[in-house]
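Please treat every number below as a calculation from the coordinates, not as lab data. This is a predicted model, so every value here is computed, not measured. Here the Cβ is made from the backbone with ideal geometry for all residues, glycine too, and neighbour counts use every protein chain on show.
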Amino acid sequence: MLYSDKVMDHFNNPRNVGVIEDADGVGEVGNPVCGDIMKITIKVDEGDRLEDIKFQTLGCGAAIATSSIVTELARGMEIHDAAAITKKEVADELGGLPPAKMHCSVLATDGLKVAIDDYLTRHGREPIGGPIQSEDPHFDPHGDAAEEHEEACDL
């Protein structure tokens, strides 16, 4: 399986790794099929912009790369715009992902949505994150590439 140079760069040199100790929102998601787990913590300023964002990921190289790039994309965005980042935008920003690895971009966007909704809920506001794809029991995170999944998650 070949990865783009940008995927490899974000895997080898991930940005925004860590945890914000006094986070305004926390999003934790995982995929029980392949074992990827992501935690995203956010700090939101008075204008509802993501002032800081960090992640911790236990998973394959694509999981780490998608976590890293989603934090780069979201930093400085207004929370409504950040919640609208799609798995396709994440994959495109990385120069593409193999079909068997698209579930990693889903987890990254889901983790961000959960963190934003956590922030809003803590402040008595209505969640905006939308459906969390990785929690849908009918969602196949690997799409047409399910047969490639077992081998792909070993990379």
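Points to keep in mind about this one:
- From least to most packed, judged by other beta carbons within 10 angstrom and beginning with the fewest, 20, 116 follow the order 20, 116.
- Based on the convex hull around the alpha carbon atoms, region 39-88 presents an average projected area of 3.3 nm².
- Loop-resident GluC sites (Glu not before Pro) (DSSP state other than H, G, I, E or B) in region 7-46 with no more than 15 further Cβ atoms inside 10 Å of their Cβ: 21, 46.
- Listed by Cβ neighbour count within 10 Å, with the fewest neighbours leading, 97, 58 appear as 58, 97.
- For region 3-117, convex hull volume per residue from C-alpha positions, Å³: 81 Å³
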